[in-house]
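Right, one structure below, let's go through it.
What follows is calculated from the coordinates using simple rules that are stated; it is not laboratory data. Quantities reported herein were computed from a predicted structural model and do not represent experimental measurements. Backbone-built Cβ (ideal geometry, glycine too); neighbour counts: all protein chains shown.
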Amino acid sequence: MQIVKYILLAVALCVGVCSYAQERDFEVGIAFKQGKSDIDLAYKNNEANLNQIIHLLDSITSDKSIVLHRVEFSGAVSPEGSAKINQALSHCRLTELEKYVRARISLPDSIIVRNDHYIAWHDLIARVEASDMEHKDEVLKVLNNNDFVEAVDINGSIVDGRIPALKAIANGVAWDTMFDRFFSEMRNAYILGFTYKPRTEPSIRIVAEVLPRHSIPQLDAEPKVEKRTPRHLYLKTNVIGLGMAIANLAVEVDLGKMWSVQLPIYYSGVDYFRSTRKFRTFSVQPEARFWFWGNANDKLFLGAHAAMSYYNFAWDGKYRVQDEDGRHPALGGGLTLGYRLPISRNQRWKMEFSVGAGVYDLKYDKFFNTDKTWKGELSHTVHDTWIGIDHVGVSFSYMFNLKRKDK
C-alpha cells in the first residue's frame with residue numbers, strides 16, 4: 001500500500017508540472033466616450049485598468065522564468081453608426097491603447113496581434129440575455145438570426161443588417177433601451193490573450209520507490225511574480241526661465257511608484273538691453289518628489305529641494321547686488337507644490353506647473369548701479385537670511401522609458 005501512495009505522489013508531481021506549463025489568459029479593457037478614440041484617464045475605471053495592464057505586463061517581462069508570446073489589442077464600438085465609421089473608430093481605439101501600452105512597456109512586434117472586429121455582438125447578446133428589458137425575446141431572435149448578418153444600404157450608408165431589424169422592434173423602443181443600458185459598455189478597447197508560460201525545462205524521469213516518510217519530496221509552491229513599477233526619465237525646460245533669457249534644462253528620474261528625483265540647472269550671462277538691468281545666475285536645485293496618485297508619476301506632487309545659486313542682479317535701481325566676491329552663493333532649500341499632465345496622445349509629452357518657497361543664507365555685495373560700468377563702486381556687504389518664493393515653473397518635458405538590467 002505504501003508504494004501505491006508514492007506512485008500517486010509521482011503522478012501528482014507530473015500533473016502539477018504539466019498544469020504549471022499551461023498557458024494563462026488575461027483580459028483588461030478601457031472605455032471610450034461615444035464617437036471618441038482618445039484615451040480619457042478620468043472616464044470610468046480607465047486609470048485603474050491602465051495601471052493594471054502596465055503593472056501586469058511589467059511583472060511578466062521582468063521575470064526570466066516567464067515567456068510572453070502573444071499580446072492582442074482589440075477595439076470595439078457600439079452598433080449605432082455606419083460600418084465605415086465604426087470600422088475606423090474601432091481601429092483607432094485599439095491603436096491608441098497599443099500606443100499607450102508600448103510607450104511604457106517594450107514589446108516585440110513579433111508577438112503583437114491586432115483585432116478591430118468593431119462591434120462585439122456576442123457582448124450585446126450576453127447583456128440582453130442577463131437583462132429584464134422589454135421585448136427581450138424579439139431582440140435575441142434578431143441577434144441570433146444569421147439571416148440579418150449581411151450588410152445593407154440605408155440611405156447611402158452601409159450598416160450591419162441587424163441594426164435596422166433591431167430598430168424596427170416596437171417602433172424603436174427596444175433600440176432606445178439598449179442604447180441607454182448597454183451601448184456605453186461596448187465602446188472600448190482591450191488587451192487580451194497575452195499569454196505566458198514557463199521556459200521549457202529538461203524532461204524529468206520520475207522513479208517511484210519506497211522512501212522513509214521524512215524524505216518524501218515536497219512540491220514547491222508556485223513562484224510569486226513580483227510587481228514592478230515602470231521607470232522613466234524626463235528631459236524638461238522651464239519656459240518662464242527661457243522668457244527671462246535664462247537657459248535651463250532639468251533631468252528627472254523615477255525611483256519607483258510615487259517617488260522621483262530631478263536636477264534642474266539654470267544659467268544666464270546676459271543683460272536686459274542695458275548694463276543696469278540684469279538677472280545673471282548659475283543655479284542648481286536638486287529635488288525629491290512624492291506623487292500622490294502614482295499614475296506614471298503624474299498629477300499632483302510635493303517636492304523637497306536644496307539649492308545653490310550664484311547671482312548678479314540689478315533693475316535700474318540705485319544698487320546692483322552680487323554674491324560676495326562671486327564666491328558665496330545663496331545656499332538653502334524648501335518645498336515645491338506642482339501638477340503634471342500629459343499633453344500628447346502617446347502620453348510622452350507633458351506639461352508641468354510648479355511653485356516653491358524656501359529659506360536661504362545670503363552674503364552679498366551691494367554696488368552702485370552705474371551705466372556702462374562692469375562693476376561699479378562697492379557700497380557695503382550684507383549677511384542676511386531670506387525667506388520667500390524661490391521657484392515658479394511652467395515646464396514642458398519628454399518622457400523616455402528606462403530599461404532594467406536583470407541581475
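Roughly speaking, what is the stretch gain from residue 366 to residue 244, that is 0.36 nm per residue apart minus the C-alpha to C-alpha distance, in nm to one decimal?
Between residue 366 and residue 244, full extension yields 41.7 nm more.
Give me the one-decimal nm value for the distance between modelled label points at residue 110 and residue 324, 7 Å along each residue's Cα-to-Cβ direction.
It is 6.7 nm.
Give 36/236; 33/167; 278/318; 318/366; 44/236; 36/257 a once-over and call out the pairs whose C-alpha atoms are over 19 Å from each other. Walk me through the numbers on the way to the answer.
Working: 36/236 30 Å; 33/167 22 Å; 278/318 13 Å; 318/366 9 Å; 44/236 31 Å; 36/257 30 Å.
As for pairs spanning more than 19 Å Cα to Cα, those are 36/236; 33/167; 44/236; 36/257.
Once fully extended, how much extra length lies between residue 123 and residue 52, figured as 0.36 nm per residue of separation less the alpha-carbon to alpha-carbon distance?
Gain on extension, residue 123 to residue 52, equals 23.3 nm.
Under a plain spin-label model, where a point goes 7 Å from the Cα along Cα-to-Cβ, how far apart in nm are residue 40 and residue 344?
It works out to 2.4 nm between the two label points.
Apply the Karplus parameterisation 6.51 cos²θ - 1.76 cosθ + 1.60, with θ equal to phi minus 60°, to every residue of the stretch 244-252 and state each ³J(HN,Hα) to the nearest whole Hz, in sequence, with x for glycine and proline.
3J(HN,Hα) across the stretch 244-252, in whole Hz: 9, 6, 10, 5, 8, 8, 10, 10, 10.
Show log10 I(q)/I(0) for the stretch 35-188 at q = 0.08, 0.10, 0.15, 0.16 Å⁻¹, two decimals, from a solvent-free Debye sum over equal Cα scatterers.
-0.30, -0.45, -0.87, -0.95
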